[in-house]
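Read through the structure below, which is laid out as structure tokens, and then see the notes.
The values are calculated or read from the model by the stated rules, or taken from the named source; none is laboratory data. Note that this is a predicted model, so its numbers are computed, not measured. Here the Cβ positions follow ideal geometry from the backbone for every residue, glycine too, while neighbour counts run over all protein chains shown. What goes into the accessible areas is simple: the full protein's heavy atoms, side chains included, and nothing from ligands, DNA or RNA. Shrake-Rupley method; radii C 1.70, N 1.55, O 1.52, S 1.80 Å.
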Amino acid sequence: QTRLGAAIDTLEQAAPLGAVQVIGGVPDAPSGIKPQLLTGGGSVWMLTNAVYRVDVASATLVQVLHEGDTVGATTVGQIRAITWRQEQLVAVDAKQAFVFENTTGTWSVEQLGQLSPDGYPNVINADTYDYNLYLLDSTAGQILKFTAGLYGSTPGDWTAGVERANLERGVDMAVDGHVWVLRDDGVVLDFFQSQLNLTIAPTILPPLPGAQTLHVTESSQFIHVIGTDGRVLRLARDGSLAQQFTPPPGSTLL
């Protein structure tokens, strides 16, 4: 049985995740909010019901921004996404971007140009590139782009309504010069210069029951996808499977 299990792992290019650190007391995210975990400025940051800095040494959370907090004269709404912009953490609610100055530990606010009085209440993810801010709204099937230095201006519909059906299935997004969108079935969409450049539909054994998280950076040749079953897929940029990792039983991956 041990040899059979090892043979199956080899066939599936699977290996267990190592060096897992459990973080205790993670609050549930509100309905409609996608939990996020990212690194920046030498810290680890988490979004669930609020924005937290993860104290890695004690594996605990330190709250840094919550709905109802006041930044300047602005009240923070329900925080929908976080991202890293150069040396700053950025948290986005439906109408504003809140920017954390790591050196001073203070927040500032940048208003977002509005397409409607409600702002963007269905945003599920945000990312930045060259100070441009991108928001994924899968309900509307849109990627909204706020130009660097002009967040208060009306954003552009980055794909101009094209690929709306694909984007309505989007569950996560990453930007590294290309804009990558992960669909709920594990298909990865590669957009470049506002057009769909490549559709990646990797063959995975066993098949993913669904997908939830995408991670892409300029410095890596790989695309990482987390399935709803907790598996982590390492894909080459042509879509071929390089390796998959399985989490310890009972663990939850963001």
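Check whether at least one residue in the stretch 76-92 is open to solvent by 50 Å² or more (accessible area, probe 1.4 Å), closer than 25 Å to HIS178 by Cα, part of a loop (DSSP other than H, G, I, E, B) and in contact (Cβ under 8 Å) with a residue 12 or more places away in the chain, and report yes or no.
There is at least one residue in the stretch 76-92 that is open to solvent by 50 Å² or more (accessible area, probe 1.4 Å), closer than 25 Å to HIS178 by Cα, part of a loop (DSSP other than H, G, I, E, B) and in contact (Cβ under 8 Å) with a residue 12 or more places away in the chain.
From THR213, THR159, THR199, grab the single residue that is crowded, with 16+ Cβ neighbours inside 10 Å and touching a helix residue (DSSP H, G or I) at 6+ places or on another chain (Cβ under 9 Å).
On the way: THR213 fails: touching a helix residue (DSSP H, G or I) at 6+ places or on another chain (Cβ under 9 Å); THR199 fails: crowded, with 16+ Cβ neighbours inside 10 Å.
It is THR159.
If I ask for residues that are open to solvent by 30 Å² or more (accessible area, probe 1.4 Å) and among the polar types (S, T, N, Q), which ones from the stretch 52-75 would you list?
Hits for the stretch 52-75 are SER58, THR60, GLN63, THR70, THR75.
Which residues, taken from the stretch 110-121, are modelled with pLDDT of 95 or more and surrounded by fewer than 15 Cβ atoms within 10 Å (Cβ to Cβ)?
GLN111
Identify all residues within the stretch 195-237 that are under 18 Å from ARG169 (Cα atoms), in contact (Cβ under 8 Å) with a residue 40 or more places away in the chain and within 19 Å of the chain's Cα centre (by Cα); write none if there are none.
Scanning the stretch 195-237 gives ALA211, GLN212, THR213, LEU214, HIS215, VAL225, GLY227.
Just wondering, is there one or more residues in the stretch 121-132 that are more than 21 Å from ASN49 (Cβ to Cβ) and among the aromatic types (Phe, Trp, Tyr)? Steps first, please.
At the first step, the residues of the stretch 121-132 found to be more than 21 Å from ASN49 (Cβ to Cβ) are 127-132.
This time we only want the ones that are among the aromatic types (Phe, Trp, Tyr), so: 129, 131.
For the stretch 121-132, residues more than 21 Å from ASN49 (Cβ to Cβ) and among the aromatic types (Phe, Trp, Tyr): present.
Conditions: (1) modelled with pLDDT under 90; (2) in contact with a strand residue (DSSP E or B) (Cβ under 8 Å, 6 or more places away or on another chain). PRO209 meets all but one. Number of the miss?
Of everything listed in (1) modelled with pLDDT under 90; (2) in contact with a strand residue (DSSP E or B) (Cβ under 8 Å, 6 or more places away or on another chain), PRO209 misses just condition (1).
Would you pick out the residues in the stretch 125-140 that are of a type outside the set (Asp, Glu), surrounded by fewer than 20 Cβ atoms within 10 Å (Cβ to Cβ) and not in a strand (DSSP E or B)? Don't jump to the end; show me each part of the working.
First, the residues of the stretch 125-140 that are of a type outside the set (Asp, Glu): 125-126, 128-129, 131-136, 138-140.
Within this subset, residues satisfying the condition of being surrounded by fewer than 20 Cβ atoms within 10 Å (Cβ to Cβ) are 128-129, 131-132, 139-140.
Those that are of a type outside the set (Asp, Glu), surrounded by fewer than 20 Cβ atoms within 10 Å (Cβ to Cβ) and not in a strand (DSSP E or B): TYR131, THR139, ALA140.
Yes/no matrix, rows are residues, columns are (1) open to solvent by less than 30 Å² (accessible area, probe 1.4 Å); (2) outside any loop (DSSP other than H, G, I, E, B); (3) within 29 Å of HIS66 (Cα to Cα):
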site	(1), (2), (3)
ALA97	yes, yes, yes
SER108	no, yes, yes
VAL123	yes, no, yes
LYS145	no, yes, yes
LEU150	no, no, yes
VAL171	no, yes, yes
ASP190	yes, yes, no
